[in-house]
1. Would you mention how many residues in region B:86-99 are at pLDDT below 95 and not in a helix (DSSP H, G or I)?
2. Take the residues of region B:55-91 that are farther than 22 Å from B:Glu125 by Cα and open to solvent by 80 Å² or more (accessible area, probe 1.4 Å): which is farthest from the other protein chains (Cβ to nearest Cβ)?
3. For region A:10-32, how many residues meet the condition of being within 14 Å of chain B (Cβ to nearest Cβ) and either aromatic (Phe, Trp, Tyr) or in contact with a Cys (Cβ under 7 Å, 6 or more places away or on another chain) (or both)?
4. What residue, of B:Ile89, B:Ile98, is more than 16 Å from the chain's Cα centre (by Cα) and in contact (Cβ under 8 Å) with a residue 12 or more places away in the chain?
5. Before we move on, is A:Arg49 more than 21 Å from B:Asp22 (Cβ to Cβ), within 14 Å of another protein chain (Cβ to nearest Cβ), of a type outside the set (Ser, Thr, Tyr) and buried (at least 16 other Cβ atoms within 10 Å of the Cβ)?
6. Looking only at residues that are of a type in the set (A, V, I, L, M), within 14 Å of chain B (Cβ to nearest Cβ) and within 8 Å of the chain's Cα centre (by Cα) in region A:68-96, which one is nearest to A:Arg10 (Cα to Cα)?
7. Look through region B:68-83, keep the residues that are in contact with a His (Cβ under 9 Å, 6 or more places away or on another chain) and not in a loop (DSSP other than H, G, I, E, B), and return whichever of them is farthest from A:Thr30 (Cα to Cα).
8. Quick check, is B:Arg33 more than 18 Å from the chain's Cα centre (by Cα) and open to solvent by 40 Å² or more (accessible area, probe 1.4 Å)?
Amino acid sequence: MSVEAVTAQRFRPGQTVHVIERPALGHCRTPWYLRGKTGVVASVQGAYRDPERLAYHKPGLPSQVLYKVRFLQTELWPDYPGPASDHLEADIYEGWLESAS
Amino acid sequence: MTSSPSRTTLLREGADGRAVHDVGGMDFGPIDRDEHDLALWEKRTDAMLILLCSKKNVFTIDAMRRVIEDYGQQAYDRTTYYEKWIRAIRNLLVEQEIVSPDEVEKRMAELASVHRANGRRVSAETIDWAKGGAA
């Protein structure tokens, strides 16, 4: 059994993170509406081969840590009409996150 | 029975910098929630994708997404779910040099003539090879 290279986990649950606001070059799993937004790491989902590389027939290594990040709906949509505590969770790869503190 | 797909292109106001599929939060009106049974070709398309990705490792599901996302807006909006799949499968089989465009065209022409000879209707619509072309 081979052990695949994995990037180090930079964030931990509860930490506030910022989704990097940059254009996507090719295949990208980070939706446009989350770029530039701030959320909190809800959990660490594991490490997976990088889909941005797999999409071009590359091995996608080292694997990227994938986080479940929680955003307040009011942070995402300026006119959000629901309760202020409503939130949205999205899977974001580490390369798209930076520390917000 | 497969419902007739909508063949319209949707306005993407303020969509600067987004890929054609990345429309979360934009207003496209109400969602059509009608269910329909899958046509045989749609089931076969699904089976082919599983075979090519999981069993044969010809390409990844990520590559398939990339090809679909690279469609021009018109082709993206005017094709149905499985039409997007079958077009992407075809283009990836060519990209990975499993078949050539000529082989695909030749086989399509053969099948069309068989169907016509048996009195079946053959659609005049073709799926453009160019990535931005209309379907």
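The values are calculated or read from the model by the stated rules, or taken from the named source; none is laboratory data. All values reported here derive from a predicted model rather than from experimental measurement. Using ideal geometry, Cβ is built from the backbone for each residue, glycine included, and neighbour counts are taken over all protein chains shown. Side chains are part of the model used for accessible areas, which takes the heavy atoms of the whole protein and leaves out ligands, DNA and RNA. Shrake-Rupley method; radii C 1.70, N 1.55, O 1.52, S 1.80 Å.
1. 0
2. Out of the qualifying residues, it is B:Lys55.
3. Total meeting the criteria: 1.
4. B:Ile98
5. Yes.
6. A:Ile92
7. B:Tyr76
8. For B:Arg33, the condition - more than 18 Å from the chain's Cα centre (by Cα) and open to solvent by 40 Å² or more (accessible area, probe 1.4 Å) - is met.
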